[in-house]
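To start, the structure under review is shown below, and the notes come after it.
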Amino acid sequence: MKLLMIYARRFGYHPAVKSVPEAPDIRADGLAENAIVGFIHVEQEDTERASKVTTRLIKNLKWLAGKNDTRTIVLHSFAHLSESKAPPEFVATLLDNAQKRLEDAGYKVLQTPLGYFLDLELFAPGFSLARVFQSF
């Protein structure tokens, strides 16, 4: 898994182009403020270690949320950080599981629609813990 986390004062999206034909039709926009946005690339090899990578994903997101004093997290599937890609169905299940676990821990979680290219709005301040990359 590759994970780029960005603290955003404002993160918004609008579904622009459906890239996975089986994806449900979604037209609704999303918006989060004072949030950690996880740009998450799930790799093929993660399918064999789903529990471990999900736990590491959650720990990293919660850690950075604590450092930036927020309880809001955005899960954004971003299949542009590696050549290896997990199947969309696996990614959807992993992100749904991560969302549930984060919500059970008291976080507000927004998940961007899987299977779409999105118009993004990102306002991120420039300080050291506003951007963190992890590979695991």
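All of the numbers you see were taken from the coordinates with simple rules; none came from a lab. The structure displayed is predicted, hence computed values, not measured ones.
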(request) Using Cα positions and a limit of under 17 Å, work out the lysines in reach of LYS108, with same-chain residues fewer than 8 apart set aside. (result) LYS59, LYS62, LYS67, LYS100
(message) If I compute P(r) over Cα pairs in 10 Å bins from 0, in percent from the structure I just sent, which labelled value in (i) 13, 46, 36, 5; (ii) 11, 35, 30, 19, 5, 0; (iii) 14, 45, 30, 11, 1 lines up?
(response) (i)
(message) Report for the chain the percent antiparallel among DSSP-assigned beta bridges with both residues inside it, nearest 5.
(response) 75
(request) Do me a favour and compute the ellipsoid semi-axes for the stretch 1-81 from its Cα gyration tensor, root of five times each eigenvalue, largest one first, whole Å. (result) 22, 20, 9
(request) Would you work out the relative contact order for the chain, in percent, from Cα pairs under 8 angstrom that are 6 or more residues apart? (result) 42
(request) Return the calculated 222 nm mean residue ellipticity for the chain, to the nearest 500 deg cm²/dmol, obtained by summing -39500 (n - 2.57) across DSSP H runs with n ≥ 4 and dividing by the residue count. (result) -8500 deg cm²/dmol
(message) Given a 10 angstrom Cα cut-off, can you work out which residue in LYS52, LYS85, LYS62 is the most mobile in a GNM of the chain?
(response) LYS52
